[in-house]
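Remarks on the structure that follows.
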Amino acid sequence: MKQMITEGLSLLADLILPRTCITCGQRLLMYEQHLCLKCLMDMPLTYFWQRSHNPMADRFNEVIQKSIAGCTAPHEPYAYAAALFSYRSDGSYRQIPYQIKYHGNTEAGRHFGRMLGRKLASSDYLKDVDMMIPVPLHWTRQWQRGYNQAEMIAEGAASVMNAPMRTDMIVRRRRTKTQTRLDIEGKERNVAGAFEFRKDRLPENGSTIRHILLIDDVFTTGSTLHACFVALRSVFPPSVRISVATLGFVGGG
């Protein structure tokens, strides 16, 4: 009886305020969530979670190796990376991170975060993550927006992977320019040193942490995620693996 009432209310809500597919705009059926069945089936999944070495991971590791070239830093293990789908600026699936980031669709953020989390949980090399950290916004930008889109995604992923999410360990010390119109070197300079690890928030079980996952919405050059990586590495030794995951990956797979 309760289920019938719930379904009836859902149908009524859809009649009053129809839900539409994020990517194609088609009206959603009652059991469809955020994407219509066709767009869900056509989603350009990367399958990076099935490949420890993939274009996203290779690109991120290139950024890491470039930053430590010529340094006496200890050996840095290969960083794992995965994204849910391939992102194209002229593709309809770009609407997913766009709606989450700029239109306050936080429930979509959690929904696609859970979708990402299920893929990561099936991965032989990412399923052992024991802490998730979303890329933080500067407090002024989060105050203006009202939320952090990366946090919504991480919240969804963490709920599926049964890994704790921490939002207090890395802070954005300065407000950076938007990365959208900057070239690769400009993006690197823009976020260099922008993040700091709060050592007073190091968890009591810090010595038992073995695998940290950084979460963001879209991976382009990896500059922002690398800046967070550097902040984490200032505290955690190379024996603690640091991986990255996003909804979208710019560059195909």
Open item on the list: With the structure loaded, tell me whether M115 is touching a Lys or Arg at 6+ places or on another chain (Cβ under 8 Å) and outside the structural domain of T20 (by TED's automatic domain parsing) or whether it fails that test.
Closed with: no
- [ ] Kindly establish whether P136 is part of a loop (DSSP other than H, G, I, E, B) and either assigned by TED's automatic domain parsing to the domain that holds C228 or under 28 Å from R174 (Cα atoms) (or both).
- [x] yes
Task: region 219-235, residues that are under 13 Å from E196 (Cα atoms) and either in a loop (DSSP other than H, G, I, E, B) or of a type in the set (A, V, I, L, M, F, W, C) (or both) - done: L225, A227, C228, F229, V230, A231, L232, S234, V235
Open item on the list: Tally up the residues in region 133-150 that are within 18 Å of C228 (Cβ to Cβ) and not small (G, A, S), please.
Closed with: 11
- [ ] Quickly run through region 110-131 and pick out the residues that are touching a Gly at 6+ places or on another chain (Cβ under 9 Å) and either assigned to a loop (DSSP other than H, G, I, E, B) or of a type in the set (A, V, I, L, M) (or both).
- [x] M115, L116
Open item on the list: I need the full set of residues from region 1-48 which are modelled with pLDDT under 95, part of a loop (DSSP other than H, G, I, E, B) and hydrophobic (A, V, I, L, M, F, W, C), in order please.
Closed with: M1, L17, L29, M30
Task: Pair list, Cβ < 7 Å and 6+ apart or interchain, from region 67-92 residues that are over 17 Å from T221 (Cβ atoms) to residues that are exposed (fewer than 14 other Cβ atoms within 10 Å of the Cβ) and at pLDDT below 95 - done: P74/P238; H75/P238; E76/P238; P77/P238
Task: Considering residues of region 69-100 that are part of a helix (DSSP H, G or I) and under 12 Å from the mean Cα position of the chain (by Cα) only, the residue surrounded by the most Cβ atoms within 10 Å (Cβ to Cβ) - done: I100
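The values are calculated or read from the model by the stated rules, or taken from the named source; none is laboratory data. Keep in mind it's a predicted model, so treat the numbers as computed, not measured. All Cβ positions, even for glycine, are placed from backbone atoms using ideal geometry, and neighbour counts span all protein chains on display.
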